[in-house]
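Student: One structure coming up, written as structure tokens, with questions to follow.
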Amino acid sequence: MTDIVESAEVSTLLDELTRLTGREDPYPRYRRLREISPIVRADDGALVVTRHADCVAVTRDPRLGHMPSHMLEFVQPGWADHPALHQLFTSILAINPPDHTRLRRLVSSSFTARRVQALQPRIAEMVQDLLVRMDGDVDFIDAFAFPLPVNVIGELLGVPEADRAQFQGLVRDWTQVLEVITPEVLATADPAAATIREYLAGLAAERRREPGDDLMSALVAAEEDGDKLTEDELLTMAALLFAAGFETTTNLLANSVVALLRNPDQLELLRRQPGLAASAVEELLRYDTPVQLLARVAWEDVEIAGVPVQGGERFVAYLGAGNRDPERFADPDRLDLARPDNAPLSFGGGIHYCLGAPLARLEAQIAIPALLAHFPKLTLAGEPGRRDSLAIRGYTQLPISVG
Ligand code: HEM
């Protein structure tokens, strides 16, 4: 019988993950946590799961979901008055059925697979434009990993090119609320969220006057059985799509480049066999996922990791740990681009499964092989600068030499 372990070692391991040194390589700490017990209790009371099967259960079990507003009010009093929290906690990412079902249906009718597939030639063009501009030593984030996804989602949404760059800092400040929420974090995140919203309100007003063929126009017009998005819902949705559209994909590209440069045999394999791109991107998502964890609450009594858990308990599922579970992936710490059956946990699961997964995959499948083909002498040109966050894993600087 599994026990929920609460111990000094668990506290230390989880505490180390909140610090930059522990975040640099969280994987040995995840492994140790899993060895101690598949389910442990953090100092803040949350139950932490690190096995693949339990991460799947936490994302898929319909008895788990997000905090209903009364519980949120208890945990984070006055949240709705903070633009950063309002824009996060009222988005589809953080709400429950039936509201989630309704919003997801409305956005899915606009953000379709066809719209994403149609972007393929444009993405390939943008990739080439960025590659030809890179020369000598460059910062991979500034030169490629940020501009590509921000331009793709910007073009998709209809955000004019000249306006896009400012969102790098704004979104980074806003998404700090995905980590530990403190008054200092809110002091930076609130104005950033408010600026993003104000900008998108202006864009929505323009598209209402003069619709285009972009996603913002489609969201403004989206209607299912006479139901439409309210102005508040529209702006929250656009902010989430825009932010999620580049923040995570930037990190996927950067994490992938670091992983490949540190595993030169795998880099050469992909360079020789660009046809491996689809499997390679799944493996890179598994190996160092840009979203390391997600949170849920049990609405009723459940059994997770073989342990009976009471309704009201909070969960954190470490997707980054589940992706390295040896019970699911043989030799999990090895990057193996040709690994069979390598579907990662990285896009979550269940009703909140990432809406942008096909777009993120498409961008990475085009960009990574093109980068390797364009620069036969790609190397690291310095130590990458780790982003000081755990839920979102990535780099702030990534010096490379393209030869
Ligand atoms: C590598 C890139 C990406 C990763 C790793 C990623 C990861 C995730 C994960 C783990 C979730 C589920 C969160 C949860 O259940 O709590 C999620 C949800 C979501 N993602 Fe992504 N994402 C990526 C790219 C994108 C892109 C490009 C977009 C939009 C253009 C996007 C839009 C969304 C949205 C709207 C949701 C919420 C869906 C819902 O709650 O119904 N993501 N993503």
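Each reported figure results from applying straightforward, stated rules to the coordinates on display, with no laboratory input. This structure is a prediction, so every number in the text was calculated from the model and none was measured. Note that each Cβ is placed from the backbone with ideal geometry, even for glycine, and that neighbours are counted across all protein chains shown.
Student: Taking each pair of different alpha-carbon atoms in the range 77-139 once, compute 1/r for the pair, average those values, and report the inverse of that mean as the Kirkwood hydrodynamic radius in Å to one decimal.
Tutor: 15.5 Å
Student: Same structure again: Within 11 Å, Cβ to Cβ, of PHE246, how many net charges do the neighbouring residues add up to if Lys/Arg are +1 and Asp/Glu are -1?
Tutor: 0
Student: Oh, and also: Provide the net charge surrounding HIS352, with neighbours chosen by a C-beta distance below 15 Å and charges set as Lys +1, Arg +1, Asp -1, Glu -1.
Tutor: +4
Student: I would also like to ask the following. Provide the percentage of antiparallel DSSP beta bridges, counting only those with both residues in the chain; round to the nearest 5.
Tutor: 85 percent
Student: If you don't mind, there's one more thing I want to ask. Full-extension gain between ASP333 and VAL132, please, as 0.36 nm times their residue separation minus the C-alpha to C-alpha distance.
Tutor: That works out to 69.0 nm of additional length.
Student: Compute the distance in nm between two label points, each set 7 Å from the Cα along the Cα-to-Cβ direction, one at ARG209 and one at ASP99.
Tutor: Once both label points are built, they end up 3.2 nm from each other.
Student: Principal axis lengths of the chain from Cα atoms, whole Å, largest first?
Tutor: For the chain, the Cα extents along the three principal axes come out at 57, 54, 38 Å.
Student: Per residue, what volume in Å³ does the convex hull of the Cα atoms of the range 206-295 enclose?
Tutor: In the range 206-295, the Cα hull volume divided by residue count equals 164 Å³.
Student: Return the whole-Å distance between the Cα centroid of the range 126-179 and the Cα centroid of the range 347-403.
Tutor: Between the Cα centre of the range 126-179 and that of the range 347-403, the gap is 12 Å.
Student: When the helices in the chain are scored as -39500 (n - 2.57) per DSSP H run of 4 or longer and the sum is shared across all residues, what 222 nm value do you end up with, to the nearest 500 deg cm²/dmol?
Tutor: Estimated from H runs of four or more residues: -15500 deg cm²/dmol.
Student: Fully extended, how many nm does the chain gain between ARG60 and GLU161 (0.36 nm per residue separation, minus their Cα-Cα distance)?
Tutor: Extra length available between ARG60 and GLU161 comes to 32.6 nm.
Student: Now for a separate question. Based on the alpha-carbon gyration tensor of the range 47-104, what equivalent-ellipsoid semi-axes (square roots of 5 times the eigenvalues) come out, in whole Å, largest first?
Tutor: Equivalent ellipsoid semi-axes, largest first: 23, 15, 10 Å.
Student: Are there DSSP H segments in the chain that both extend 24 Å or more along their axis (alpha-carbon positions) and score a mean Kyte-Doolittle hydropathy of at least 1.0? List them, or say none.
Tutor: Qualifying helices: 231-261.
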